[in-house]
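The values are calculated or read from the model by the stated rules, or taken from the named source; none is laboratory data. Everything numeric in this text was worked out from a predicted model, so none of it was measured. Here the Cβ positions follow ideal geometry from the backbone for every residue, glycine too, while neighbour counts run over all protein chains shown. Keep in mind that these areas ignore ligands, DNA and RNA; they rest on the heavy atoms of the full protein, side chains included. Shrake-Rupley method; radii C 1.70, N 1.55, O 1.52, S 1.80 Å.
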Amino acid sequence: HGRRCQYRTSGFGLSLEGILGSQILPIKSLFNQPTIIRTSFALILVFTLIGLTNGIVSLITFKSKSICEVGCGLYLLSLSIVSIILMILFQLKFIVLLLTQMIILPDGLFMKMQCHSLDYFIQVCLCLDQWLNACVAIERVVTTKQGAKFKKEKSRNVAKGIIFLVIAITMASLVHDPYFRLVFGDDNDEDDEFQIKRIWCIVRYSSRFQIYNSFIHSLHFFGPFLCNIISSI
């Protein structure tokens, strides 16, 4: 993306900037934007409302004391919280992108802060969602295998430790992302229709970190996937 297609988005770093950013027209209201932008705005709004409703109802359900007596209940409670945070961050990310490319939000401290934080926390929440679902599957296998020997208190204590470890390890494994993120102003072209400088939040990894980034994203995808498959079997 970019005026000269100078910013590359790899398969493991796909972002809203690369997907929709170049489609947004500067100095145009939302109603005058291309159909894909208006449709995306409507869909993301619907997804956010449904996701928030689901997350809030799940949070009310799984915060019950009886459900949280076992590890599975704590995992599900954590999943509810993560889903609510993820929906809020995703909606905020789209709104910031829209306002930035419409030249309503100027380049400044806020732009730099959101560039280094929003994508990072969205990635963290997505990975946490996958791993916590895997934890639920594993916990159910353990419960089934142990049967009458299953101890609720032990399960609950182990779950607390695992949740903390999953959050800490996930955040640490993705901490390189904000470091390589930059806010760039797209140069004006003489034949440009709007003669306006677009602002992009881009990520540029070195060759070594590109390999590391690909490995980490593969691990966060295939790890929970294999846990769920093995647990099902």
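Matching residues to (1) touching a Leu at 6+ places or on another chain (Cβ under 9 Å); (2) closer than 20 Å to ILE230 by Cα; (3) free of Cβ contacts under 8 Å to residues at least 60 places away in the same chain; (4) basic (Lys, Arg):
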| residue | (1), (2), (3), (4) |
| --- | --- |
| LEU92 | yes, no, yes, no |
| VAL96 | yes, no, yes, no |
| MET102 | yes, no, no, no |
| GLY108 | no, no, yes, no |
| ILE122 | yes, no, yes, no |
| CYS125 | yes, no, yes, no |
| ALA134 | yes, yes, no, no |
| LYS145 | no, yes, yes, yes |
| THR170 | yes, no, yes, no |
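Screening TRP200 on (1) at pLDDT 80 or above; (2) aromatic (Phe, Trp, Tyr); (3) open to solvent by less than 70 Å² (accessible area, probe 1.4 Å) shows it passes everything except condition (1). Within the range 19-47, the set of residues being of a type in the set (Gly, Ala, Ser) and either under 17 Å from the mean Cα position of the chain (by Cα) or closer than 28 Å to GLY185 by Cβ (or both) comprises GLY21, SER22, SER29, SER40.
What tally of residues in the range 119-141 results from selecting those that are under 14 Å from SER232 (Cβ atoms) and among the β-branched types (Val, Ile, Thr)? Steps first, answer last, please.
Keep residues of the range 119-141 that are under 14 Å from SER232 (Cβ atoms), which gives 133-134, 136-141.
Next, from what is left, pick out any that are among the β-branched types (Val, Ile, Thr): 136, 138, 141.
Number satisfying all stated conditions: 3.
When ILE104, ILE162 are screened for being at negative phi and part of a helix (DSSP H, G or I), only ILE162 passes. Residues that are closer than 13 Å to CYS72 by Cβ and not hydrophobic (A, V, I, L, M, F, W, C) within the range 122-145 comprise ASN133, GLU139, ARG140, THR143, THR144, listed in sequence order.
Taken together, PHE164, PHE215, PHE180, PHE209 contain a single residue that is more than 25 Å from GLY55 (Cβ to Cβ), within 19 Å of the chain's Cα centre (by Cα) and open to solvent by 50 Å² or more (accessible area, probe 1.4 Å), which is PHE215.
Is it the case that the range 98-118 has a residue that's charged (D, E, K, R) and touching a helix residue (DSSP H, G or I) at 6+ places or on another chain (Cβ under 7 Å)? No, the range 98-118 contains no residue that is charged (D, E, K, R) and touching a helix residue (DSSP H, G or I) at 6+ places or on another chain (Cβ under 7 Å).
Using the structure shown, decide if THR35 is open to solvent by 40 Å² or more (accessible area, probe 1.4 Å) and either modelled with pLDDT of 90 or more or aromatic (Phe, Trp, Tyr) (or both). Before the answer, list the steps.
Details: open to solvent by 40 Å² or more (accessible area, probe 1.4 Å): yes; either modelled with pLDDT of 90 or more or aromatic (Phe, Trp, Tyr) (or both): no.
In short, no.
Taking the range 48-90 as the range and being open to solvent by 40 Å² or more (accessible area, probe 1.4 Å), aromatic (Phe, Trp, Tyr) and under 19 Å from the mean Cα position of the chain (by Cα) as the test, only PHE90 passes.
Checking each residue in the range 139-159 for being open to solvent by 100 Å² or more (accessible area, probe 1.4 Å) and either among the basic types (Lys, Arg) or closer than 15 Å to HIS220 by Cα (or both) picks out ARG140, LYS145, LYS149, LYS151, LYS152, LYS154.
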